[in-house]
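**Student:** Pasting in a structure now, in structure tokens, and then I'll have a few things to ask.
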Amino acid sequence: MSYKYLFGPVNSRRLGISLGVDMVPFKTCSLNCVYCECGDTTVLSCERKEYVTFDSLQKELHDYLSKKPKLDYVTFAGSGEPTLNSCLGKIAAYVKTTFPEYKTALLTNSTLFYDSEVRKDCLQFDLVCPSLDAISDNAFTKVNRPSLDLDNSKIIDGLIKFAKDYNGQLWVEVFIVPQINDTTEELKLFKETLLQINPDRVQLNSLDRPGACDWVTAISPDKLRTIAQYLAPLPVEIISRSGSLPKSEITGIDLEETVLSLIRRRPSTLEELSVTAGKTINEIFATIETLTNKGTAESNIVNGKTFYRISKNQTSTN
């Protein structure tokens, strides 16, 4: 069957071979982060509802996982905030009970952890990767551009409460935006807060592709290493795309579907698609050329780089 809400599997730099589950419509989120590779948020909301129905997700997951694919994680993520979907806990429980051989992961921006029901839903995952990009209100507003309904102190308090109750792996990601959340004052607040959360890992990240705002720049590797050293004794690692990933066994029509599922969620270069899909540049180029000739993919140039995305006529029909 053709999948609308599943994407990949992709070779993730953090999660290995990961099947993505997209829980909300494109760019439906509680934040409008300046660095987001998906672009500006189109639906800025904290409203929790069944954006994608449980039945729709269950049908696709059952069809895919029944074939017993090789996966490291079934990852709930995508182009928006997955905890906004009110059936998150129900669909996570379905995967755990029906396909217990697969580990589940959740990538979240942490904003709804003030809600006890959200925390309860998230306890079911084997791995939770929450974002924490700012501690002060000033940095939070500048980096994350949140919904007006959000209070960052309540978000942080909710994340601390979740961490105390959670028994799985907790990897907190911190995205550094130079001159905003890398100041001495902000880093001090980060360390104090992260020590309270006590995660299994702290993952430092920075810009490596165009974000939502052109003014956002990458931070130097040396500065990232300095920040990592400052945060000791916390278990800090710097996320890098430079590491090698395993080759994928996906070929032919399956590779076309994988590439389409990726560019449907975010524009990507050939190099990015090569790393994510675990295929050579030549294999990705041939696949993109096929999709372009079919009219299902198109290219555009941003800052001198060629990005491929789903064609506009395909977007209107999905």
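What follows draws every value from the coordinates through simple rules; no lab data is involved. Bear in mind the structure is a predicted one, so any value in this text is a computation, not a measurement. Glycine also receives a Cβ, built like all others from the backbone with ideal geometry; neighbour counts cover every protein chain displayed.
**Student:** Using a Förster distance of 22 angstrom, determine the FRET efficiency expected from the C-beta separation of T193 and K49, and round it to 0.05. Walk me through the numbers before you get to the answer.
**Tutor:** On the way: r = 30 Å, r/R0 = 1.37.
Efficiency at R0 = 22 Å is approximately 0.15.
**Student:** In this model, which of K4/K67; K4/K161; K154/K223; K27/K142 are farther than 23 Å apart at the alpha-carbon? Walk me through the numbers before you get to the answer.
**Tutor:** Working: K4/K67 18 Å; K4/K161 34 Å; K154/K223 30 Å; K27/K142 19 Å.
Violating the 23 Å limit, Cα to Cα: K4/K161; K154/K223.
**Student:** Percent of Cα-Cα pairs more than 27 Å apart in the range 1-149, please.
**Tutor:** 19
**Student:** In the chain, which cysteines lack any other cysteine Cβ under 4.7 Å from their own?
**Tutor:** Those would be C29, C38, C46, C87, C122, C129, C213, since no other cysteine Cβ in the chain comes under 4.7 Å of theirs.
**Student:** Using only Cα atoms, what is the ratio of the radius of gyration of the range 1-59 to 2.2 N^0.38 Å?
**Tutor:** Computed over Cα atoms of the range 1-59, the ratio equals 1.29.
**Student:** Also, I was wondering about something else. Using the Kirkwood formula over every pair of different C-alpha atoms, what hydrodynamic radius in Å results for the range 252-315?
**Tutor:** That comes to 11.4 Å for the range 252-315.
**Student:** OK, next. State, to one decimal in nm, how far the label point of I160 lies from the label point of D200, with both points 7 Å from Cα in the Cβ direction.
**Tutor:** The modelled label-to-label distance comes out at 2.3 nm.
**Student:** Are there any trypsin sites (Lys or Arg not before Pro) in the range 43-82 that are in a DSSP loop and have at most 15 other Cβ atoms within 10 Å? List them by number.
**Tutor:** Answer by residue number: K67, K70.
**Student:** A follow-up question, please. Can you give me the convex hull volume of the Cα atoms of the chain, divided per residue and expressed in Å³?
**Tutor:** 130
**Student:** Now, a different point. Nearest 5 percent is fine: what portion of the DSSP beta bridges confined to the chain is antiparallel?
**Tutor:** Expressed as a percentage, antiparallel bridges in the chain total about 30.
**Student:** Once you charge only the Cβ atoms, +1 for Lys and Arg and -1 for Asp and Glu, what is the size of the charge dipole of the chain about its Cα centre, to the nearest 20 debye?
**Tutor:** Dipole magnitude for the chain comes out near 360 debye.
**Student:** Of S45, S206, S136, which is the most mobile in a GNM of the chain whose springs link Cα atoms less than 10 angstrom apart?
**Tutor:** Greatest mean-square fluctuation among the candidates belongs to S136.
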